[in-house]
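Peer 1: There's a structure below that I have some questions on.
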Amino acid sequence: MTTVDIHSHFFPRAWPDLAARFGTPDWPSIRHTGPDQAVIMLGAREFRHIRAACWHAAARIEDMDRDGVDIQILCATPVLFAYDRPPAQARECARIFNDAALEICSHDGRRLKALCQVPLQDTDMACAELERALSAGHIGVQIGNHVGDRNLDNAGIMTFLQHCASLDAPVFVHPWDMMAPERMSGYMLSWLVGMPAETQLGILSLILSGAFERLPRSLRICFAHGGGSFAFLLGRADNAWRQRDIVREHCPNPPSSFVDRFHVDGAVFDDAALTLLISVMGEDQVMLGTDYPFPLGEQRAGALVRGHSGISDTARSKILEANARRFFRL
Ligand code: CO
């Protein structure tokens, strides 16, 4: 059986000094501290220590061989999104990243595939960069779950999603720019509380706004981290939809009726959580995603799905391979 990991991150080995280029501060950069170690910097501040797997194709392939991963789909470390920058600067950042991502994939194009990023704050620029990246070899696009105060049902983002559908480009939604940072400054609370809530917000904004009614069914869209808190709280959303007219104002059908419109990865780290996720989403809508190579990712890619005794072999093979092949047209 082939195994496909649809959620892994990449930071280019070399990254230009965008602060100097644009004259605006606090751009991400990479500072190498040893042959296999580096630090992602935000201006002069250390953001995250990373290892060679983050930028080195051979190190990634070695880990893939160890874990039995055949194909890995990589995308930007979200700190590179730059949605709060002037659009032309974000476009430049996206172009640099997208070209670097194809470069690392070129070391083994059969096993390494890339999702592009786009300057989502400007719809026309985002559509144009998506087209450029797809024709250059990207197999889809990663976006954040919001742009500032604009959720996924925002008109400009909807236009972008419709463009993705028209180009047959799959979309991977990754939470970033998490809410209430002033109350989540410690303990990685932004990752443990903010990210699942942001993902839940992204999904419900598409459901309750009626956006899924307007988007073509052909749109392929997948949410990271098991869809955040969505699956566990779907009963709460359905109950609210039944009880309160303001919840169903733009949504003609209960939230649970939309689960066939999107996919999720299976990065939930717990047997019972994966059981719930599969029962809510269906075994055709969940794909292996590890968050490799970061510490909050699955440390042995695929171990949860492979070791779960409560799912059928059919479901296992769908989650490890078939769903991703269909979703990304691999
Ligand atoms: Co991730």
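Peer 1: Show me 147-154, 259-266, 116-123, 127-134 ranked by packing, highest mean number of other Cβ atoms within 10 Å first.
Peer 2: 116-123, 259-266, 127-134, 147-154
Peer 1: While we're looking at this one, here's another question. Hey, rough spin-label estimate for Ser106 and Asp70, points 7 angstrom out along Cα→Cβ, what's it come to in nanometres?
Peer 2: Rounded to a tenth, the inter-label distance reads 2.6 nm.
Peer 1: Which of rounded, prolate or oblate describes segment 235-287 when judged by the alpha-carbon gyration tensor and an a/c cut-off of 1.5?
Peer 2: Note, shape of segment 235-287 comes out prolate.
Peer 1: Let me ask another. Need one number for the chain: average projected area of the convex hull over its C-alpha atoms, nm².
Peer 2: 16.2 nm²
Peer 1: Compute the Cα gyration tensor for segment 201-245, then decide on rounded, prolate or oblate, letting a ≥ b ≥ c be the square roots of its eigenvalues: rounded whenever a/c is under 1.5, prolate when a/b is larger than b/c in the other cases, and oblate in all that remain.
Peer 2: Note, shape of segment 201-245 comes out oblate.
Peer 1: What's the extension gain from Leu167 to Ser312 if we count 0.36 nm per residue and subtract their Cα-Cα distance? Walk me through the numbers on the way to the answer.
Peer 2: Details: separation 145, 0.36 × 145 = 52.20 nm, distance 3.44 nm.
Gain on stretching Leu167 to Ser312: 48.8 nm.
Peer 1: Still on this structure, I have one more. Picking from Pro16, Pro87, Pro255, which is most flexible by a Gaussian network model of the chain using Cα springs under 10 Å?
Peer 2: Evaluated over the chain, the most mobile residue of the options is Pro16.
Peer 1: Please state the shape class of segment 1-155: rounded when a/c is under 1.5, otherwise prolate if a/b exceeds b/c and oblate if not, all from the C-alpha gyration tensor.
Peer 2: Note, shape of segment 1-155 comes out oblate.
Peer 1: Among 294-304, 196-206, how do they line up by average Cβ neighbours within 10 Å per residue, starting with the highest? Mind dumping the intermediate values first?
Peer 2: Numbers: 294-304: 16.7, 196-206: 22.8.
In decreasing order of mean packing, 294-304, 196-206 become 196-206, 294-304.
Peer 1: So if I take the alpha carbon set of segment 80-141, get Rg, then get Rh from the Kirkwood formula, what is the Rg over Rh ratio?
Peer 2: 0.99
Peer 1: State the Cα centre-to-centre distance between segment 101-119 and segment 194-218 in whole Å.
Peer 2: 27 Å
Peer 1: Highest mean first, how do 185-192, 52-59 rank when packing is the count of other Cβ atoms within 10 Å averaged over residues?
Peer 2: Result, highest mean Cβ count within 10 Å first: 52-59, 185-192.
Peer 1: Something else about it: What is the set of long-range amide H partners of Arg48 at a cut-off below 5 Å, with H atoms built 1.01 Å from backbone N?
Peer 2: Ile40
Peer 1: With θ taken as phi - 60° and the coefficients 6.51, -1.76 and 1.60, list the Karplus ³J(HN,Hα) couplings across segment 180-193 in order, rounded to whole Hz; mark glycine and proline as x.
Peer 2: 6, x, 5, 9, 10, 6, x, 6, 6, 4, 4, 7, 8, 10
Peer 1: Next question, about the same structure. Averaged per residue, what accessible surface does the chain expose to a 1.4 Å probe, in Å²?
Peer 2: Per residue, the chain has 42 Å² of solvent-accessible surface.
Peer 1: Separate question: Quick check: at a probe of 1.4 Å, how many percent of the accessible area of the chain sits on carbon and sulfur atoms?
Peer 2: Carbon with sulfur: 52 percent of the solvent-accessible area.
Peer 1: To continue, here is another question. Quick one: 3J(HN,Hα) in Hz for segment 226-236, Karplus 6.51/-1.76/1.60 with θ = phi - 60°, rounded, Gly and Pro as x.
Peer 2: Rounded to whole hertz, the list is x, x, x, 7, 4, 4, 5, 10, 5, x, 5.
Peer 1: Just how large is the dipole of segment 92-207 about the Cα centre, in debye to the nearest 20, putting +1 at every Lys and Arg Cβ and -1 at every Asp and Glu Cβ?
Peer 2: Roughly 360 debye for segment 92-207.
Peer 1: Evaluated at 10 °C with a viscosity of 1.306 mPa s, what Stokes-Einstein diffusion coefficient in µm²/s does segment 149-306 have when Rh comes from the Kirkwood expression over alpha-carbon pairs?
Peer 2: 97 µm²/s
The values are calculated or read from the model by the stated rules, or taken from the named source; none is laboratory data. Keep in mind it's a predicted model, so treat the numbers as computed, not measured. Using ideal geometry, Cβ is built from the backbone for each residue, glycine included, and neighbour counts are taken over all protein chains shown. Accessible surface areas use protein heavy atoms only, side chains included; no ligands, DNA or RNA. Shrake-Rupley method; radii C 1.70, N 1.55, O 1.52, S 1.80 Å.
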